[in-house]
Amino acid sequence: MVRYNAVEDPLCYPGTHVLRNRADIADQDQLDEFEQLMFDSRADEALPEGSLDFTHYRALHRHFFQDVYDWAGETRTIRTGKGDNWFCYPEYIESEANKLFSELAARKNLASAKDKDSFAREAARFLAELNAIHPFREGNGRIQLVFLTMLTRNAGYGLDEDKLRPKPFLDAMIASFSGDITALSGEIQGML
C-alpha cells in the first residue's frame, strides 16, 4: 500500500505516520483493522440526511469515522499526497470543494445524465476532482464510494459494490489524477 506523504502532521503519534485515534492504537495494521470494523458497524445505520452538498459529504465522513478520529468530518489542515501526487492544499479545500459541489448541484446531482454511459463519465469526472481535493486526512476513498452510491441512486440507477474491482479501480483513480477518466468511467460503468 502506498502511504501518504505529509508535512509534520500533528495528528500522528510522534515519530510515526500512525494517526492519533480514539482507541489509542499506535500500530498501523491494528488501526486499519479497527478503522474498518468501526466503518462497517456504522454502515448498518441510517446515513445522515442532506442535499448531496459539501456539508452533507462532511457529515457522511463524520458518521463513518466518528468512533475512530476526533476530527471526523473536518477538512484536512496539512499538506499531503500519495507518491508523487500532492492533493489540494488545505487553504483551498473549502473553496474548491464548494465549487465542485455547486457544479454537481447544477447538474442535478447527476440525475440529468441521459443514460448509464453519460452518468459513468460525469461521475468519473466528479470523483477525479473530489479525489484531487482530498478533503480529509483519512477515509477519502471509502466516503467517495459511499457518495457515488448515493449519486447513482439519485440518478435512478443501482450500484453493485460487489462488482467493484479494487486494484483496477485504484489504478483508474490514480490515472484520473492526471486528467484521464477513461478507465474510471469504465470501472463505474461496470458496477451499474
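The values are calculated or read from the model by the stated rules, or taken from the named source; none is laboratory data. If you're wondering where the values come from, they're calculated on a predicted model, not measured in any experiment. Using ideal geometry, Cβ is built from the backbone for each residue, glycine included, and neighbour counts are taken over all protein chains shown.
Mind listing just one residue for me: the one in segment 164-192 that is among the hydrophobic types (A, V, I, L, M, F, W, C) and not in a helix (DSSP H, G or I) and, of those, surrounded by the most Cβ atoms within 10 Å (Cβ to Cβ)? Selected residue: ILE181. Can you tell me which residue in segment 45-84 is nearest to ARG153 (Cα to Cα), limited to those that are aliphatic (A, V, I, L, M) and part of a helix (DSSP H, G or I)? Among those residues, the one meeting the criterion is LEU60.
Looking across segment 65-81, the residues that are out of contact with any helix residue (DSSP H, G or I) (no Cβ under 8 Å at 6 or more places or on another chain) and either closer than 17 Å to PHE177 by Cα or at pLDDT below 90 (or both) come down to THR80, GLY81. Among the residues making up segment 134-163, those that are under 27 Å from LEU19 (Cα atoms), part of a loop (DSSP other than H, G, I, E, B) and either of a type in the set (D, E, K, R) or over 13 Å from the mean Cα position of the chain (by Cα) (or both) are ARG137, GLU138.
The condition of being at positive phi, modelled with pLDDT of 95 or more and basic (Lys, Arg) holds for only one of LYS108, LYS99, LYS116, that being LYS108.
Among the residues of segment 53-68, just one is of a type in the set (Asp, Glu) and within 15 Å of ARG42 (Cβ to Cβ), namely ASP67. Among the criteria (1) surrounded by 15 or more Cβ atoms within 10 Å (Cβ to Cβ); (2) touching an Asp or Glu at 6+ places or on another chain (Cβ under 9 Å), the one HIS17 does not fulfil is (1).
So, ARG153, is that one in contact with a strand residue (DSSP E or B) (Cβ under 8 Å, 6 or more places away or on another chain) and basic (Lys, Arg) or not? Spelling it out, it is not the case that ARG153 is in contact with a strand residue (DSSP E or B) (Cβ under 8 Å, 6 or more places away or on another chain) and basic (Lys, Arg).
Yes or no, residue by residue, for (1) closer than 29 Å to GLY190 by Cα; (2) surrounded by fewer than 19 Cβ atoms within 10 Å (Cβ to Cβ); (3) in contact (Cβ under 8 Å) with a residue 40 or more places away in the chain; (4) among the polar types (S, T, N, Q):
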position	(1), (2), (3), (4)
PRO90	no, yes, no, no
ILE93	no, no, yes, no
LEU148	yes, no, yes, no
ASP160	yes, yes, no, no
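Taken over segment 85-111, the residue count meeting the criterion of being in a loop (DSSP other than H, G, I, E, B) and touching a strand residue (DSSP E or B) at 6+ places or on another chain (Cβ under 9 Å) is 1. Assess whether ILE25 counts as being of a type in the set (A, V, I, L, M, F, W, C), part of a loop (DSSP other than H, G, I, E, B) and crowded, with 19+ Cβ neighbours inside 10 Å. Yes; evaluated as a whole, the condition is true for this residue. Note on segment 131-146: among residues that are among the aliphatic types (A, V, I, L, M) and touching a residue at least 40 places away in the same chain (Cβ under 8 Å), the one that is surrounded by the most Cβ atoms within 10 Å (Cβ to Cβ) is ILE143.
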